[in-house]
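Here the structure is laid out as structure tokens; the discussion comes afterwards.
The values are calculated or read from the model by the stated rules, or taken from the named source; none is laboratory data. Quick caveat, the model's predicted, so the values are computed rather than measured. Cβ placement follows ideal geometry from the backbone for every residue including glycine, while neighbour counts extend to all protein chains displayed. Accessible surface areas use protein heavy atoms only, side chains included; no ligands, DNA or RNA. Shrake-Rupley method; radii C 1.70, N 1.55, O 1.52, S 1.80 Å.
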Amino acid sequence: MEYYGTIGPACADREILTDMFREGMTGVRMNLSHGNLSEHMDWIRMLRRASADSGRQMKFLIDLQGPELRIGKLPQPVELTDGSEVLLGQGVIKIPDILYDYVREGSSILLDDGKILLQVLENGGSYLNCEVVRGGKLYSAKSIAVPDSGLYPPVLTKNDYENLSMARECGVTGVMLPFVRSAEDLLALREALDRSGVPEVEIFAKLESRQGIVSLPELLPYADYFVIARGDLGNDMPLWKLPRVQKEAAAFLKKAGKPFMIVTQMLDSMQERAVPTRAEVCDIFNAVLDGADSIMLTGETAAGKYPVQAMGYLVRTGEEALHFREENT
């Protein structure tokens, strides 16, 4: 079983990272939606030192930008209040131009893994005027989802290609591709890895949309690992359907003999609290019982108040589930 943490401000310290490894963390994820590998060499050196200090080998995953859409850089967080109107694309909140071709009046826009919900009042061609249906504080580079839009952006960005060219130098062991839609997406990534001289790097296909779930049978030969990424996957369907989709995908992958990871909000309450909820530890336990080969923390270790404690709960709960699984097989 692999236990991953996501790096960020909350663990930007060699001692904290060392403690996370000592708690049982076996790998780290770097989210490259917020910068390139070339900008994070200090992080990579610190991770290597922390791994050496703890006596543990480190698996290193990079999460590409891929076809995911994101808010541009904000000078400061923007508070969006319910019932107010907000302008996207002009002024402070920049958005990708491709959205104007797919969004229409009445479309829903989900921001930051669905935490914020907007409804489009007007598509002005160079701006979107929206009503805030469910507000919150919006930060730079947060995700944008437009359900049922038919939006199909390119699979790899210029930044993605630059990051892949540095994979060997930085010790990358796996590449996570967001919003995988078809076998062609994975073949494009494999070709890019081969051209970058790192054919041994594993491909982690992130299942983040209904399209990815439906395409799962055709994706099997082209990825080394699959990621049931519940954040955006939960944006693309009613939330009450998400548990069934997760269970069905896990069962399918287990039967096919493909390793998979489950991720997103596994210990979300620990961003603010030192102890998780009972529901969260049950969620981790069940994920392992369903056959997950790895589980990952995201905001809990990247931005939460208790990154070391969160990793401890993840590992201990996962190990307890493994013991149970072994005793009952």
Quiz prompt | Cα-derived Rg to Rh of the stretch 75-116, Kirkwood definition | solution = 0.93
Quiz prompt | Computed accessible area, Cys11, all protein chains, 1.4 angstrom probe, square angstrom | solution = 0 Å²
Exercise. Rounded to the nearest 10 degrees, what's the angle between the helix 41-54 long axis and the longest principal axis of the chain, both from Cα atoms, 0 to 90?
Key: 30 degrees
Quiz item: With the contact rule set at Cα under 8 Å and sequence spacing of 6 or more, what percent relative contact order holds for the stretch 176-329?
Solution: 18 percent
Practice problem: Quick one: pull the percent of accessible area on the chain belonging to carbon and sulfur, 1.4 Å probe, ligands and nucleic acids left out. | Solution: 50 percent
Quiz item: Non-local amide H neighbours of Val263 (under 5 Å, H modeled in plane, Pro and chain starts lacking H): which ones?
Solution: Ile228, Arg230
Self-check item: Sites matching trypsin sites (Lys or Arg not before Pro) across the stretch 64-118 that sit in DSSP coil, with at most 13 neighbouring C-beta atoms within 10 Å
Solution: Lys73, Arg104
Exercise. Count the net charge of all other residues whose Cβ sits under 12 Å from the Cβ of Asn163, scoring Lys and Arg as +1 and Asp and Glu as -1.
Key: -3
Quiz item: Too long at a 31 Å Cα-Cα cut-off: which of Lys59/Lys142; Lys137/Lys255; Lys94/Lys247; Lys255/Lys305?
Solution: Lys137/Lys255; Lys94/Lys247; Lys255/Lys305
Self-check item: ³J(HN,Hα), Karplus 6.51/-1.76/1.60, whole Hz, each residue of the stretch 103-110, x for Gly, Pro
Solution: 8, 10, 4, x, 5, 8, 10, 9
Quiz item: Under a straight-distance cross-link criterion of Cα-Cα below 17 Å, which aspartates and glutamates are reachable from Lys158, leaving out those fewer than 8 residues away in the same chain?
Solution: Glu39, Asp63, Glu68, Asp97, Asp185, Glu191, Asp194
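How large is the convex hull of the Cα atoms of the stretch 203-281 per residue, expressed in Å³ as a whole number? Before the final figure, lay out the partial values.
Numbers: hull volume 8.2 nm³, N = 79.
Roughly 103 Å³ of hull volume per residue.
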Quiz item: In the chain, what is the volume of the convex hull around the alpha carbon atoms, normalised per residue and reported in Å³?
Solution: 134 Å³
Quiz item: Rounded to the nearest whole Å², what accessible area per residue is found for the chain with the 1.4 Å probe?
Solution: 45 Å²
Exercise. Quote the relative contact order of the chain in percent (integer), defining contacts as alpha-carbon pairs under 8 Å separated by 6+ residues.
Key: 19 percent
Quiz item: Hey, what number do you get for the chain at 222 nm if only DSSP H runs of n ≥ 4 count, each worth -39500 (n - 2.57), divided across all residues, to the nearest 500?
Solution: -10000 deg cm²/dmol
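When Lys and Arg each count +1 and Asp and Glu each count -1, what net charge do the other residues less than 14 Å away from Arg45, Cβ to Cβ, add up to? Can you show the working numbers first?
Details: positive: Arg14, Arg48, Arg49; negative: Asp13, Glu39, Asp42, Asp53, Glu169.
My count for the surroundings of Arg45 gives -2.
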Quiz item: For the stretch 194-199, in order, what is each residue's ³J(HN,Hα) by Karplus, 6.51 cos²θ - 1.76 cosθ + 1.60 with θ = phi - 60°, in whole Hz (x at glycine and Pro)?
Solution: 4, 5, 7, x, 10, x
Quiz item: Against the longest principal axis of the chain, how steep is helix 278-289, in degrees 0 to 90 to the nearest 10, with axes from Cα atoms?
Solution: 70 degrees
Quiz prompt | Under the Karplus curve 6.51 cos²θ - 1.76 cosθ + 1.60, θ = phi - 60°, whole-Hz ³J(HN,Hα) for the stretch 236-246, x wherever Gly or Pro sits | solution = 8, 7, x, 4, 5, 8, 4, x, 5, 4, 4
Quiz prompt | Label-zone membership for the stretch 1-23, site Glu272, 7 angstrom Cα→C-beta point, backbone N under 20 Å | solution = 9-11
Quiz item: Mind checking the angle between helix 307-327 and the chain's longest principal axis? C-alpha axes, 0 to 90 degrees, to the nearest 10.
Solution: 60 degrees
Quiz prompt | the stretch 93-137: GluC sites (Glu not before Pro) in DSSP loop, at most 11 other beta carbons within 10 Å | solution = Glu105
